[in-house]
Amino acid sequence: MAEIGLRERKKQRMYQVVSDLAIGLFLEKGFDAVSVAEIAAAAEISKPTLFRYFPAKEDLVLHRIADHEGEAARVVAAAGEAPLVALRRHFLDGLERFDPITGLNDDPGVLAFHSLLYGTPALVARLYPYLERSEDALAEALGGDLDARLAAGQIIAVQRVLARENWRRMAAGEPAVAVRGEAVAAAERAFGVLAAGLPWLAKPQRAEPHSSRD
């Protein structure tokens, strides 16, 4: 078991090192100007080895946010409260910490990464499967039926829009500290709208799926 743990740690370090190296090159030269061969050479690995870790060039960038995939589902699964209450609390906690995933972070490195991510069409396109997987995982955590899938789509969309709006203001030069109050108010308003439209996810105790939505 210890040997497996060591291999896994080495694998994760490789992911991190190669991803960080690639992102540095992309930020320096532009995503389209850097080839996979150049990244492999800089990382001192072969192209086939690189592709074993990252099936697509875009995955080298998205690895930085990969640990957030399925996060909403994990929050719901671990919560001892109504799903929307837990998700609202989690997002507000992220704003309090200036978590980059909320968009409310004005660190130059975070801003540069978000500009790369949102300013590169190939990366924006690659984001959609990431969001779909997060949505599917959340739908399963909410029960897996059509109502759950519809709810998951709305929740993931709200979180994405809130984060993009925060990032837009950061990119325009507004300080995160100055924006946080309005970002919290926007999140409260957005989750309030979700709760009004999805009351079965805002109740402290959920009944059986169909009876709770009648």
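Within segment 135-170, count every residue that is in a loop (DSSP other than H, G, I, E, B) and crowded, with 16+ Cβ neighbours inside 10 Å.
The total comes to 2.
Give me a count of the residues in segment 44-93 that are open to solvent by less than 50 Å² (accessible area, probe 1.4 Å), farther than 19 Å from Ile155 by Cβ and in a helix (DSSP H, G or I).
Looking only at that region, the number is 8.
If I ask for residues that are in a loop (DSSP other than H, G, I, E, B) and either of a type in the set (Lys, Arg) or surrounded by 16 or more Cβ atoms within 10 Å (Cβ to Cβ) (or both), which ones from segment 1-43 would you list?
Passing the criteria: only Val34.
Out of Arg13, Arg7, Arg97, report the one residue that is more than 14 Å from the chain's Cα centre (by Cα) and modelled with pLDDT of 95 or more.
Criteria check complete, one pass: Arg97.
Just to be sure, is Leu25 in contact with a helix residue (DSSP H, G or I) (Cβ under 6 Å, 6 or more places away or on another chain) and either over 30 Å from Leu201 (Cβ atoms) or at pLDDT below 95 (or both)? Break it down into steps so the answer makes sense when it comes.
On the way: in contact with a helix residue (DSSP H, G or I) (Cβ under 6 Å, 6 or more places away or on another chain): no; either over 30 Å from Leu201 (Cβ atoms) or at pLDDT below 95 (or both): yes.
Spelling it out, it is not the case that Leu25 is in contact with a helix residue (DSSP H, G or I) (Cβ under 6 Å, 6 or more places away or on another chain) and either over 30 Å from Leu201 (Cβ atoms) or at pLDDT below 95 (or both).
For segment 120-133, check the following and say yes or no: at least one residue is of a type in the set (S, T, N, Q), assigned to a helix (DSSP H, G or I) and more than 21 Å from Ala77 (Cα to Cα).
Scanning segment 120-133 turns up no residue that is of a type in the set (S, T, N, Q), assigned to a helix (DSSP H, G or I) and more than 21 Å from Ala77 (Cα to Cα).
Answer yes or no as to whether Leu201 is over 23 Å from His114 (Cα atoms), open to solvent by less than 40 Å² (accessible area, probe 1.4 Å) and of a type in the set (A, V, I, L, M, F, W, C). First the steps, then the outcome.
Working: over 23 Å from His114 (Cα atoms): yes; open to solvent by less than 40 Å² (accessible area, probe 1.4 Å): yes; of a type in the set (A, V, I, L, M, F, W, C): yes.
When the stated conditions are applied, Leu201 passes them.
The values are calculated or read from the model by the stated rules, or taken from the named source; none is laboratory data. Keep in mind it's a predicted model, so treat the numbers as computed, not measured. Quick reminder, even Gly has a Cβ in these numbers, built from the backbone with ideal geometry, and neighbours come from all protein chains shown. What goes into the accessible areas is simple: the full protein's heavy atoms, side chains included, and nothing from ligands, DNA or RNA. Shrake-Rupley method; radii C 1.70, N 1.55, O 1.52, S 1.80 Å.
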